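The values are calculated or read from the model by the stated rules, or taken from the named source; none is laboratory data. Computed from a predicted model, the values in this text were never measured in an experiment. Glycine also receives a Cβ, built like all others from the backbone with ideal geometry; neighbour counts cover every protein chain displayed. Surface areas here come from the heavy atoms of the whole protein model, side chains and all, with no ligands, DNA or RNA. Shrake-Rupley method; radii C 1.70, N 1.55, O 1.52, S 1.80 Å.
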Amino acid sequence: MASSGFGATAPGADHNKDNIMRFDEYRKLDGVALAACVSAGEISAGELLELAIARAEAVNPQLNGVIIPLYEQARARAAGPLSGPFAGVPMLVKDLFQEIGGAPSYAGNKALKAKDFRATADSELVRRWQAAGLVPFGRTNTPEFGSKGITEPESFGPSRNPWNPAHTPGGSSGGSAAMVAAGVVPFAGANDGGGSIRIPAACCGLFGLKPGRGRTPWGPEFVEALHGISVNHVVSRSVRDSAALLDATHGDEHGALFRIAPPQRTYLSELERDPAPLKIGFSSRSPIGTAVDPEAVQAVQDAARLLESLGHQVEEAEPELDMMAMSMDWLGIWFTKCAAEVARVKALTGCGDDGFELDTLALAAFGHATRADDYLNFYQRGQIYSQQLADFHQRFDFWMTPTLAMEPALIGASATPAWQNAALKVILKLRAEKLVMKSGLIEQMVRENMKYVPYTQLANFTGVPAMSVPLHWCASGLPMGVQFVGGHGDEGRLLALAGQLEKARPWFDRVADL
């Protein structure tokens with residue numbers, strides 16, 4: 001990764017004759033390029049870290065992305081010897097499962113914050129990031145237990161979108177996405193159990209790859225989340241950063257339940273050549289029957305024309321499966337996971353129901369009301385959905401959709417309506433959750449809450465990789481991503497396509513005016 005002056009590996013970067021990197025130069029470089037600068041001795045890890053901290057301090061009061069600064073710990077790390085492909089590059093990690101030993105671990109929860117709960121050890125993913133030479137210097141905002149497509153926890157307040165702070169950066173990795181889009185870091189930790197990498201990437205004009213089941217680690221406490229529905233990776237500005245980071249973190253971990261086939265070549269090398277002509281099916285119809293903004297339709301239509309100009313075959317098509325039923329089954333598993341999280345936090349902190357948001361208590365109540373045989377049916381039907389998606393992938397390489405059905409929502413617009421809050425309080429007081437689950441009210445709530453993001457859950461439930469590519473900006477100036485869903489093991493092919501799209505319609509230098 002040799003370099004010959006700031007910006008040598010990024011088009012358009014100006015050379016600083018004083019050899020002291022300015023923020024405008026820093027922002028023009030991705031993580032791979034910044035690591036090259038450190039390796040060439042053009043800047044030190046400590047100097048890069050101070051640039052990142054200064055930018056965080058400048059924008060965080062407005063965006064509220066970093067909620068746990070770890071500056072002194074990071075400064076000590078940056079002062080020591082570092083090695084690896086990203087040696088000396090600063091990053092932020094999400095305050096949800098991406099644990100740093102001794103650092104606060106709140107998961108967006110009021111009770112854990114009040115207890116000042118701390119991680120006892122680094123997570124396996126963080127260990128791999130540090131082995132790659134990265135310097136984490138803070139943890140980012142997330143909704144309580146990562147259970148929403150917005151980032152507005154009561155414990156820390158809302159994160160905001162750098163393109164327009166009146167709007168959400170998405171969720172649940174919204175704090176990370178806001179900080180990357182604001183130029184604080186070239187990438188930040190994220191995880192995805194229903195769209196939580198792809199949704200904030202789309203909201204903030206970033207690239208977001210959700211790896212497939214088992215591709216990245218969860219340990220050491222457990223080796224998969226939600227039967228592999230949820231996975232770890234990052235949101236980034238460049239495709240090559242995402243590819244190089246996946247090279248640094250993928251692979252089996254101690255106690256892995258199964259061994260996923262390794263890639264045939266490095267993910268970074270997938271970007272060296274354009275993919276062979278692909279057959280891509282696309283749809284902009286909401287799979288749960290809700291309205292779709294014309295901007296989302298336009299995003300997919302424009303992407304289809306771009307793909308055709310690149311030599312790919314594109315036609316309107318979608319998997320033959322009941323998406324609403326799939327969404328309900330996916331949510332049923334989330335209900336039970338939430339119930340387990342609430343019970344775990346109560347045991348850790350000694351708190352009562354006042355330690356949680358009302359929405360979380362409701363989800364947990366529905367989880368407690370779920371019968372074991374119903375849960376097993378959710379899981380087993382997930383295998384049927386996987387087979388139906390695999391049938392689609394026998395005919396098409398990828399499925400393309402909008403990532404979002406609507407522009408990023410205004411802060412507060414996705415909050416649970418007052419009438420639902422009142423209803424939930426009554427339901428919890430009367431312990432009537434079983435009756436509610438049979439009434440159809442849950443399905444109504446699902447349609448209302450998922451109308452912004454109805455496209456992303458399928459890839460989670462079936463365990464396949466998917467990505468959001470920042471190919472469209474709305475007339476309002478807000479970004480809107482385009483999603484591509486691959487088959488099992490398709491991370492490399494998705495990255496190759498993303499690299500081709502990035503060259504054809506560059507987005508790296510398109511930044512929010514903040």
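Data overview
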| item | result |
| --- | --- |
| Accessible-area ranking of Val185, Val223, largest first, probe 1.4 Å | Val223, Val185 |
| Per-selection Rg to Rh, segment 229-278 - Cα, Kirkwood hydrodynamic radius | 1.01 |
| In Å², nearest 10: area of Tyr375 left accessible to a 1.4 Å probe | 60 Å² |
| Projected area averaged over orientations for segment 274-361, convex hull of C-alpha atoms, nm² | 9.4 nm² |
| Heavy atoms of Trp507: accessible area, 1.4 Å probe, square angstrom to 10 | 10 Å² |
| Integer Hz, Karplus 6.51/-1.76/1.60 couplings in order for segment 219-236, x for Gly and Pro | x, x, 6, 8, 10, 7, 10, 6, 6, x, 4, 9, 9, 10, 5, 9, 10, 9 |
| Helical mean residue ellipticity (222 nm; -39500 (n - 2.57) per DSSP H run of 4+; nearest 500) of the chain | -12500 deg cm²/dmol |
| Translational diffusion of segment 396-514, µm² s⁻¹ [Kirkwood Rh, Cα pairs; Stokes-Einstein; 10 °C; 1.306 mPa s] | 92 µm²/s |
| Sulfur and carbon atoms: percent of accessible area, the chain [1.4 Å] | 52 percent |
| Proportion of all alpha-carbon pairs of segment 342-451 beyond 25 Å (%) | 44 percent |
| Convex hull (Cα only) mean projected area of the chain, reported in nm² to one decimal | 21.8 nm² |
| Cα-centre dipole for the chain with unit charges at Cβ (Lys and Arg positive, Asp and Glu negative), debye to 20 | 620 debye |
| Rounded accessible area of Phe258 (nearest 10 Å², 1.4 Å probe) | 100 Å² |
| 3J(HN,Hα) from dihedral phi, segment 253-259, Karplus parametrisation 6.51/-1.76/1.60, rounded to Hz, x for glycine, proline | 10, 4, x, 4, 6, 8, 10 |
| Amide proton proximity set for Gly138, modelled H, under 5 Å, gap of 5+ | Leu70, Val93 |
| Largest-first ordering by accessible area, 1.4 Å probe, given options Lys110, Lys429 | Lys429, Lys110 |
| Pairs beyond 21 Å (Cα-Cα), from Lys115/Lys346; Lys28/Lys148; Lys429/Lys451; Lys94/Lys148; Lys94/Lys503; Lys346/Lys434 | Lys28/Lys148; Lys429/Lys451; Lys94/Lys503; Lys346/Lys434 |
| Solvent-accessible area per residue, Å², over the chain with all protein chains present [probe radius 1.4 Å] | 37 Å² |
| Accessible-area ranking of Asp354, Asp293, Asp322, largest first, probe 1.4 Å | Asp354, Asp322, Asp293 |
| Proximal aspartates and glutamates to Lys210, defined as alpha-carbon separation beneath 15 angstrom and excluding residues fewer than eight positions away on the same chain | Asp192, Glu224, Asp241, Asp247, Asp490, Glu491 |
| Set of aspartates and glutamates with alpha-carbon distance to Lys110 below 19 Å, sequence-local pairs under 8 removed | Asp95, Glu99, Glu144, Glu152, Glu154, Glu341, Asp353, Asp354, Glu357, Asp359 |
| Estimated vicinal HN-Hα couplings, Hz - segment 158-175 in sequence order (Karplus 6.51, -1.76, 1.60; Gly, Pro = x) | x, 7, 10, 7, x, 6, 6, x, 6, 10, 6, x, x, x, 8, 8, x, x |
| For segment 268-404, with +1 on Lys and Arg beta carbons and -1 on Asp and Glu, the positive-most of Pro275, Ala304, Gly332 along the dipole | Gly332 |
| If the convex hull is drawn through the Cα atoms of segment 153-255, its volume per residue in Å³ | 103 Å³ |
